[in-house]
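The values are calculated or read from the model by the stated rules, or taken from the named source; none is laboratory data. Quick caveat: nothing in here was measured; it's all calculated off a predicted structure. A quick note on method: Cβ atoms are made from the backbone with ideal geometry, for glycine too, and the neighbour counts reach across all protein chains shown. For accessibility, only protein heavy atoms count, side chains too; no ligands or nucleic acids. Shrake-Rupley method; radii C 1.70, N 1.55, O 1.52, S 1.80 Å.
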Amino acid sequence: MGQVPEHFYTQSAVVPYRILENHVEILLITSREKKRWVLPKGVVEPDLGAVDSAIKEAWEEAGVEGAVTPCALGSYTYEKWGGTCSVQVFPLQVERVSEIWPECSRTRHWFEPEEAVRRVHEPGLKELLIRFATSLLAGSAD
């Protein structure tokens, strides 16, 4: 795995969501290099832990803040830096969306859950989003 520290392979993310009158929307952002649709995510900072690192990434990458449920929805993996990154995912109910944020060069967009699932590439993330959206629509998630 060589060039990056081992802890870089441990990451966390949020699923930023909002509940409107009769539906749910999920916020996706573009990745920096390939401009693919992704969740705000990043390396778990050793001094922060998974939840706080995910909250930090939500602000830096997407310019959103809100209530995070500390119980992970699950995790998924993807390949990067010649190794496999494992990403813990936490729900974030968005309360504030800023017009200016640290990585505002990224595009962000609200999607219906079905469209968000179509837009992301990682199979494990698709499964997590489907389960999450289903639970929200059923009224079983906070």
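Observations
- Taking all C-alpha pairs of the stretch 100-142, those more than 18 Å from each other amount to 42 percent.
- Label-point separation in nm, Glu33 to Glu112, each point 7 Å along Cα→Cβ: 3.4 nm
- When the stretch 24-136 is reduced to its Cα atoms, the Kirkwood hydrodynamic radius in Å: 14.4 Å
- Of all the options Ser75, Ser12, Ser98, the one that moves most in a Gaussian network model of the chain with Cα springs shorter than 10 angstrom is Ser98.
- Calculated FRET efficiency for the pair Leu48/Glu79, C-beta based, R₀ 25 Å, to 0.05: 0.55
- Atom-type composition of the exposed protein surface of the chain places 51 percent of the accessible area on carbon and sulfur (1.4 angstrom probe).
- Difference of contour (0.36 nm per residue) and Cα-Cα distance, Ser86 to Val4: 28.1 nm
- The calculated pair-distance distribution of the stretch 18-62 uses every alpha carbon pair, bins of 5 angstrom beginning at 0, and gives 5, 21, 21, 19, 18, 11, 4, 1 percent.
- Beta bridges per DSSP with both ends in the chain, % antiparallel, nearest 5: 75 percent
- With Cα atoms defining each centre, the stretch 90-142 and the stretch 48-88 are spaced 12 Å apart in the structure.
- The residues of the chain expose on average 54 square angstrom of accessible surface per residue, using a 1.4 Å probe on protein heavy atoms.
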